[in-house]
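> Starting off with a structure, shown below.
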Amino acid sequence: MLLTKLKKIRLVIVSKASVAGLALAMPVILMAGSASAASWCNYNSINGHGYCMSTQGGRVTACDDPSGNHGGGSCFTPYIDFSLRSAGSPGVSEISADNYTGCVGDYGNDSSNASTDLERCPSAGNAGWGTKQLASACSNPLGSGYQFYNVHWTAFVGPQDFFSGAKEYLNKPTAWCFAVNPYV
Amino acid sequence: MEKDSSQSGTTKRRSTSWLWLAAAIVVLIVVGGSIAYFNHKTNKTTVSSSPASKKTYDLVSNVNLPMLITVNTRQQGDNIGNITTLQSDGKGNYTYTLFLDGKPINTTTYTPDALYVCKGTPTACVKYPPDTSSNDFQPTNYLYSTDIIKKINALKTTAYQGQKPCPIGGGTCDVWTYSVAQSKKTDYVNTATKRLVTVIDAGHFGKSSITSKITYQYQDEHINVPTNYTDAPAEPQASPDMSHR
């Protein structure tokens, strides 16, 4: 009976250890070879906060994220990641929202409205007004970042100003760099 | 009844051996998993054990050098991408230009006293006060100060990759790589002049892969400050809320 009990204990120890070892190894398996999610933010060089592209109230807005890494800002709920997708012409891209169907474009698909929401951007066919951007690297050597020049408005993508909930616009006169952790 | 002592002794030895085996397996799995996890966590770039990999990241600061910087950014699958340039006269004046189909479509001229945005056909320019908005897009983002150079040298991921032909301007370049944020950077530094000549930034925007090639041509650059312009409102970053029109 003692041997049986010890055998049972051994099995439990080995199985739990296997699970523990596998759990520790899983992050390596999951993270290997893939880009990790990140906030793309305009960093205020005075207060160090990142004002990150997100959505709120049906609009694309800037969310104050003190940590600059998916944390802190209540306007991140629900959280959205953005990616670039080709708009079909060399150099022309669309900023697509990963969790939703749509790309950053003219609010309400109104070609005279430079504030933004998520508009249609099919892989073929007509996309919404203001969805086409020219992306260019803009970060300092210690960061990753891109600025976006809107083809429709012939101006830059950027927030109204540095505050949480600020609307993102497509007609800013100068470039705004959407970056990840530019300050080391 | 008395137990058969020989049998109980054998049983005891066998069960003890199993316990030791189990403990050894646990240790192996936990240690192996920990090593694998922490190796990835530190995001180590494989560094050659040869002495060359220890070479200090070494280049001269280009903050005060006149130059033409060309940035070619391409999404994965796009062999052309788009081009922007930054001209610097080495005295704190810059012109940032966007190109489409080889033609300039928007130019921002930065001077200590004012900022000028020119675009359209015929070209129309608007003058703004100097940008004091703490906006993190600055022409100096593309420049390598001594502070930036020190910080790159201090990164754990910075590794010397040996000498290769320079991508532009001829000659041989010392090559370093390092990883920051969402990018892996490859810097080419001319061996003779110690000047940075090319940066390859292999990065991501979300799930998208993007590669930017940034080249530095050190030459005299004259910054043309517009003389025909209209004045803009005081806040250079303000935009009208079009929904209220």
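> For B:Thr177, indicate whether it is within 11 Å of chain A (Cβ to nearest Cβ), under 13 Å from the mean Cα position of the chain (by Cα) and at pLDDT 95 or above.
Answer is no for this residue.
> Regarding A:Asn171, is this residue in contact (Cβ under 8 Å) with a residue 12 or more places away in the chain, surrounded by fewer than 21 Cβ atoms within 10 Å (Cβ to Cβ) and either among the charged types (D, E, K, R) or in contact with a strand residue (DSSP E or B) (Cβ under 7 Å, 6 or more places away or on another chain) (or both)?
Yes.
Okay, residues lined up against (1) of a type in the set (D, E, K, R); (2) in a loop (DSSP other than H, G, I, E, B); (3) more than 19 Å from A:Cys52 (Cα to Cα):
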{"residue": "A:Gly88", "(1), (2), (3)": "no, yes, yes"}
{"residue": "A:Asn99", "(1), (2), (3)": "no, yes, no"}
{"residue": "A:Gly105", "(1), (2), (3)": "no, no, no"}
{"residue": "A:Gly108", "(1), (2), (3)": "no, no, yes"}
{"residue": "A:Ser111", "(1), (2), (3)": "no, yes, yes"}
{"residue": "A:Cys121", "(1), (2), (3)": "no, yes, yes"}
{"residue": "A:Asn126", "(1), (2), (3)": "no, yes, yes"}
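> For the structure I just gave you, tell me whether B:Lys164 is in a strand (DSSP E or B), loosely packed, with under 15 Cβ neighbours inside 10 Å and not acidic (Asp, Glu).
Judged against the criteria, B:Lys164 is a match.
> A follow-up question, please. Filter the stretch A:79-90 down to residues that are of a type in the set (Phe, Trp, Tyr) and either over 23 Å from B:His204 (Cα atoms) or at the interface with chain B (Cβ under 8 Å from one of its Cβ atoms) (or both), then give me how many there are.
Number of matching residues: 1.
> I need the full set of residues from the stretch A:91-109 which are more than 9 Å from every other protein chain (Cβ to nearest Cβ) and touching a His at 6+ places or on another chain (Cβ under 9 Å), in order please.
A:Gly105
> Shifting gears a bit: Go through the stretch A:141-157 and give me each residue that's at the interface with another protein chain (Cβ under 7 Å from one of its Cβ atoms) and either surrounded by fewer than 24 Cβ atoms within 10 Å (Cβ to Cβ) or not polar (S, T, N, Q) (or both).
A:Pro141, A:Leu142, A:Gly143, A:Tyr146, A:Tyr149, A:Thr154
> While we're on this one: Which count do you get for residues in the stretch B:108-134 that are touching a Ser or Thr at 6+ places or on another chain (Cβ under 9 Å), farther than 24 Å from A:Phe162 by Cα and of a type in the set (Val, Ile, Thr)?
Total satisfying the criteria: 1.
> Another one. Is it the case, given these coordinates, that B:Thr211 is within 17 Å of A:Ser93 (Cβ to Cβ) and at pLDDT 95 or above?
yes
> If you take the residues in the stretch B:141-161 that are of a type in the set (A, V, I, L, M, F, W, C) and surrounded by 15 or more Cβ atoms within 10 Å (Cβ to Cβ), which one is farthest from the other protein chains (Cβ to nearest Cβ)? Break it down stepwise before answering.
Within the stretch B:141-161, the subset of a type in the set (A, V, I, L, M, F, W, C) is B:143, B:148-149, B:152, B:154-155, B:159.
Remaining after also requiring surrounded by 15 or more Cβ atoms within 10 Å (Cβ to Cβ): B:143, B:148-149, B:152, B:155, B:159.
Values: B:Leu143: 8, B:Ile148: 5, B:Ile149: 9, B:Ile152: 6, B:Leu155: 8, B:Ala159: 15 Å.
Selected residue: B:Ala159.
> Looking at (1) modelled with pLDDT of 95 or more; (2) in a loop (DSSP other than H, G, I, E, B), can you tell me which one B:Asp113 breaks?
Condition not satisfied by B:Asp113: (1).
> Sticking with this structure for a sec: What is the residue count in the stretch A:144-160 for residues that are in a loop (DSSP other than H, G, I, E, B) and touching a Ser or Thr at 6+ places or on another chain (Cβ under 8 Å)?
2
> Among (1) in contact with a Phe, Trp or Tyr (Cβ under 7 Å, 6 or more places away or on another chain); (2) closer than 21 Å to B:Thr227 by Cα; (3) part of a loop (DSSP other than H, G, I, E, B), there is one condition B:Lys91 misses while meeting the rest; what is its number?
(1)
> Determine, yes or no, whether B:Tyr188 is in a loop (DSSP other than H, G, I, E, B), at pLDDT 95 or above, aromatic (Phe, Trp, Tyr) and surrounded by 17 or more Cβ atoms within 10 Å (Cβ to Cβ).
Judged against the criteria, B:Tyr188 is not a match.
> Do we find that B:Lys127 is more than 20 Å from the chain's Cα centre (by Cα), touching a residue at least 12 places away in the same chain (Cβ under 8 Å) and buried (at least 16 other Cβ atoms within 10 Å of the Cβ) in this structure?
Here the answer is yes, as B:Lys127 does meet what is asked.
The values are calculated or read from the model by the stated rules, or taken from the named source; none is laboratory data. Given the structure is predicted, the values throughout are model-derived calculations rather than measurements. FYI the Cβ positions are ideal-geometry reconstructions off the backbone, even for glycines, and counts take in every protein chain you see.
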